[in-house]
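One structure is given here, and the rest of the page talks about it.
The values are calculated or read from the model by the stated rules, or taken from the named source; none is laboratory data. These numbers come from a predicted model, not from an experiment. Positions of Cβ are generated from backbone atoms using ideal geometry, with glycine treated the same way; all protein chains shown enter the neighbour counts. Only protein heavy atoms, including side chains, enter the accessible area calculation; ligands, DNA and RNA are left aside. Shrake-Rupley method; radii C 1.70, N 1.55, O 1.52, S 1.80 Å.
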Amino acid sequence: MAGRLEGQHVLVTGGSRGIGAAIVAKALAEGASVSFIDIEQTTGEEFLASLGAAGRCHFGAGSVTSAADIARVHDAGVARFGPVTGLVNNAGRNSYADPVAMTEADWDDVFAVDLKAAWLVARQVLPGMIAARRGSIVNIASIHADMTYPGFFPYAAAKSGLVGLTRSLALDMGKHQIRVNALSPGYTETFLVKEFFEKHDAALRQKVLDVHPMGRMGSPAEIANCVAFLLSDEASFVTGANWRADGGLSARFAG
């Protein structure tokens, strides 16, 4: 039985670990050819080797804040697998800053990765999608777009902007039959979440688990399952949406 992404070429940013790596693996399992870009070259090369799918997977080291790096990795993937039909803007970074003490350079660094990069990569792939009159873009946002945590400035602003970018692209690209959606994970067992808990007292992790309706956090594979659906033709009438995958966390009142 063919996979849901059979015949597609999916490009994933930040694809070497965490949610990005799970998305790469899921897209391959669903039949796609996959290109991924990550700033960590050694990690990316080791992950590529572990997949055992070199014939259908291309890795290029580079920064998603660099239009030149994006073009280089994109063009190498297209040379092997044809035009990109699915894009997952997954690359992102945490931000721990004080709104008064934060510098303009620090602000720009956050927004370059968490917001501007999604536009840069979309700008690279959209001409091919427009020519083909098909394509799906999934922007990995966060429930921080709707609710946030003290000391996380300005992560929520960047993720809110990413959801707004999603809506704008969906409206502009709809006439070309290109779908654009956001996916907002909640707490997911990744390096970034581990980093968050390490910055706080040991009791915080249990406190967080206690307020989850399902009593647990998500796994990267569970987020990747949602992404695969949004990339596939099964979501052919879904665009401009922000899907939450947070185990019901944002559905409850405090207390």
For residue 127, all conditions in the list (1) open to solvent by 70 Å² or more (accessible area, probe 1.4 Å); (2) farther than 22 Å from residue 164 by Cα; (3) without any contact (Cβ under 8 Å) to a residue 40 or more places away in the chain; (4) assigned to a helix (DSSP H, G or I) hold save one; what is the number of the exception? (2)
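Picking from 145, 158, 202, which residue would you name as being out of contact with any Gly (no Cβ under 7 Å at 6 or more places or on another chain) and surrounded by fewer than 19 Cβ atoms within 10 Å (Cβ to Cβ)? Reasoning before the result, please.
Values: 145 fails: surrounded by fewer than 19 Cβ atoms within 10 Å (Cβ to Cβ); 158 fails: surrounded by fewer than 19 Cβ atoms within 10 Å (Cβ to Cβ).
Every option except 202 fails the conditions.
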Among the residues of segment 173-182, are any closer than 20 Å to residue 231 by Cβ, open to solvent by 20 Å² or more (accessible area, probe 1.4 Å) and β-branched (Val, Ile, Thr)? no
With the structure loaded, tell me whether residue 64 is over 17 Å from the mean Cα position of the chain (by Cα) and surrounded by 17 or more Cβ atoms within 10 Å (Cβ to Cβ) or whether it fails that test. no
In segment 177-206, residues that are more than 21 Å from residue 235 (Cα to Cα), modelled with pLDDT of 85 or more and in a loop (DSSP other than H, G, I, E, B) total 4
Residues of segment 79-97 classified as part of a loop (DSSP other than H, G, I, E, B) and under 16 Å from residue 8 (Cβ atoms), total: 4
Evaluate segment 207-220: report whether one residue or more is open to solvent by 20 Å² or more (accessible area, probe 1.4 Å) and within 18 Å of residue 87 (Cβ to Cβ). no
Where residue 114 falls short, out of the listed (1) over 18 Å from the mean Cα position of the chain (by Cα); (2) open to solvent by less than 30 Å² (accessible area, probe 1.4 Å); (3) acidic (Asp, Glu): (1)
